1. Within the stretch 165-174, take every residue that is free of Cβ contacts under 8 Å to residues at least 40 places away in the same chain and either of a type in the set (Ser, Thr, Tyr) or surrounded by 14 or more Cβ atoms within 10 Å (Cβ to Cβ) (or both) and give me the one that is nearest to Leu155 (Cα to Cα).
2. Within the stretch 60-115, can you find the residues that are without any contact (Cβ under 8 Å) to a residue 60 or more places away in the chain, farther than 20 Å from His35 by Cα and part of a loop (DSSP other than H, G, I, E, B)?
3. Only residues that are modelled with pLDDT under 90 and under 16 Å from Leu259 (Cα atoms): list them for the stretch 389-411, please.
4. Within the stretch 397-412, restricting attention to residues that are among the small types (Gly, Ala, Ser) and in a strand (DSSP E or B), which residue is surrounded by the most Cβ atoms within 10 Å (Cβ to Cβ)?
5. Of the residues in the stretch 351-361, how many are closer than 23 Å to Ala281 by Cα, in a loop (DSSP other than H, G, I, E, B) and polar (S, T, N, Q)?
6. Return the residues of the stretch 1-44 that are among the hydroxyl-bearing types (Ser, Thr, Tyr) and closer than 26 Å to Ala86 by Cβ; say none if nothing qualifies.
7. Filter the stretch 42-59 down to residues that are under 27 Å from Ala103 (Cβ atoms), assigned to a helix (DSSP H, G or I) and free of Cβ contacts under 8 Å to residues at least 12 places away in the same chain, then give me how many there are.
8. So which residues in the stretch 153-164 are open to solvent by less than 30 Å² (accessible area, probe 1.4 Å) and not in a helix (DSSP H, G or I)?
Amino acid sequence: MADRVTVIGWDGSPLTRAATAALSAATLVAGAAHHLALPEVPQGAERIRLGSVDLAARRIAGHRGSAVVLADGDPGFFGVVRTLRAPEHGLEVEVVPAVSSVATAFARAGMPWEDAQTVVAHPRTLRRAVNVCRAHHKVAVLTSPGAGPAELALLLEGVHRTFVICEELGTDREQVTVVTSDAAADHVWRDPNVVLVIGGGPEQRAEGAWIAGRHPAYPQGVRGWALPADAYPGATTDTVGRSGEGEAPGLRAAQLAHLGPRTGDLLWDIGSGSGALAVEAARFGAAVLAVDSDPGACARTTAAARAFGVQLQVVEGRAPHVLERLPEPDVVRIGGGGAPVVIAVADRRPERIVTHASTRDEAEALGAALTENGYTVACSLLQSVELDAAAWSERERTVVFLLSALRSDLAP
């Protein structure tokens, strides 16, 4: 029985000496059709068309002889190596790597990519991949049938991005096309392909970068969360005062804690005000749609996002009507609008909803609306007192009811 398999990455370049030697001794070779057609594959070797890697691993484990798996690019980067190494297969894996398709795609585009996010898009993960494209300036998408450039473009409707679409990298049919995201939906693209999704603002500078991924341009000296509302551009005593307790840092911290926004999520912030919660959710890596009926609030949210170096989309309009045309949310913060907005949001079935109320009667009405629409509700009375540290006298007191709702089918 085979207990060892050699995995060979292929990027279109001539195979290395090590790869050629492993192939020449193989009695079983697994790979895609174009891999099995390579002249280096021995004529007498058993050939397995690679579909399910788990099934191939079981065939390899039961094979008497020398097994090789061929894969595109670097097989250790979102590739077959992880599955082959699963304990249930009992295989020892040796890897002969090649240049990953993501590295090749950025090379074709002539762009650095230490600041890029990389996501895999399958039909079941496509929406989360799109949310990463909403939230970040530079994303490499490893696509699959049914979750390719056209599908990405359709779900990004209303968000302008540039697509660099790299089809069949490393083959003599390779083609690199640069289009706007709205144009990508009107074309049939060949598989396999990699899509670089670029845009949403100027390319972030990464001098002194020390970790791969996003390099946010936070204002100098900014650290921590739940910053005072006046830390955000455009916020004044007047605008913060009009927003009332909804802008209180303590409430915002509690709301973010209950929502738990994360990479791949889409958060609706209804009644964005100064943009503070929208920006802080985006700093966690979530995609954010900030909704407000006040043009001034929309402008403040846009300015705050620009100052903190995060991507978000601002939608001017009055809830609940404006919500009908928005993409599906994962988590929602409701800053106002009462029961009609709460019910409209609940109809879209996000995982979590948070909102607040000034009085117990209002809190009971909002809680009842959430419960009747399939949510398990918790309510807390939050009181914060801001003191003048010079005189240790009370400067401001805020009392608010915080409602946190979890979709009932997810509740413990």
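The values are calculated or read from the model by the stated rules, or taken from the named source; none is laboratory data. What you see is a predicted model; the values in this text were computed from it and never measured. Glycine gets a Cβ as well: all are built from the backbone with ideal geometry, and neighbour counts include every protein chain shown. Quick note on the areas: whole protein, heavy atoms, side chains included, nothing else; ligands and nucleic acids left out. Shrake-Rupley method; radii C 1.70, N 1.55, O 1.52, S 1.80 Å.
1. Among residues in the stretch 165-174 that are free of Cβ contacts under 8 Å to residues at least 40 places away in the same chain and either of a type in the set (Ser, Thr, Tyr) or surrounded by 14 or more Cβ atoms within 10 Å (Cβ to Cβ) (or both), the one nearest to Leu155 (Cα to Cα) is Ile165.
2. Those that are without any contact (Cβ under 8 Å) to a residue 60 or more places away in the chain, farther than 20 Å from His35 by Cα and part of a loop (DSSP other than H, G, I, E, B): Arg85, Ala86, Gly110, Trp113.
3. Ala411
4. Ala405
5. 0
6. Hits for the stretch 1-44 are Thr6, Thr27.
7. Result for the stretch 42-59: 0.
8. Answer for the stretch 153-164, where residues must be open to solvent by less than 30 Å² (accessible area, probe 1.4 Å) and not in a helix (DSSP H, G or I): Leu156, Val159, Arg161, Phe163, Val164.
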